[in-house]
Amino acid sequence: APAYVRVLRLGRTRQRAAAEVRGAPLAQAQGVCGAVGAPNHSYQRSCPMIQGECVGFNKGGVVHAVIGAAGYEFSSLGSDQPDWLAFGEDSLFGYAKVRANSSYFEFNFVRTDVDQSIDSFYLTPS
């Protein structure tokens, strides 16, 4: 699961931002540039991150994406967004469309109702 997830439960916000504990340094050392999971019923994407700080794309950071908006009751993201959250959606159903090879990783989050991408990112090895 991605190390960065924002969850709002019973009016309280929990942020899991424990990349150091969950292996981000190892991922960065191995050249991993993206982590995708679905531990939450929403769509979330972080900025590219190194040691908990946002960096620009293709500068060695890891982008964390949560794709849990496929059809169950949504988990609210709340209104107070953390700095690392580059894009969040908790009211539209969607799915991930991924194209990748050894040279690139292209990711799109697609709304199911209109079959249109509402968020995307493109990564290349550093």
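General observations
- When Tyr122, Tyr72, Tyr43, Tyr104 are compared by accessible area of protein heavy atoms, the largest-first order is Tyr72, Tyr122, Tyr104, Tyr43, using a 1.4 Å probe.
- Thr124, Thr112, reordered so the largest accessible area comes first (probe 1.4 Å): Thr112, Thr124
- Cα-Cα pairs of the stretch 78-126 separated by more than 16 Å (percent): 51
The values are calculated or read from the model by the stated rules, or taken from the named source; none is laboratory data. Treat the numbers as computed from the prediction; the structure is a model and nothing was measured. To get the accessible areas, we keep the full protein, side chains included, count just its heavy atoms, and leave off ligands, DNA and RNA. Shrake-Rupley method; radii C 1.70, N 1.55, O 1.52, S 1.80 Å.
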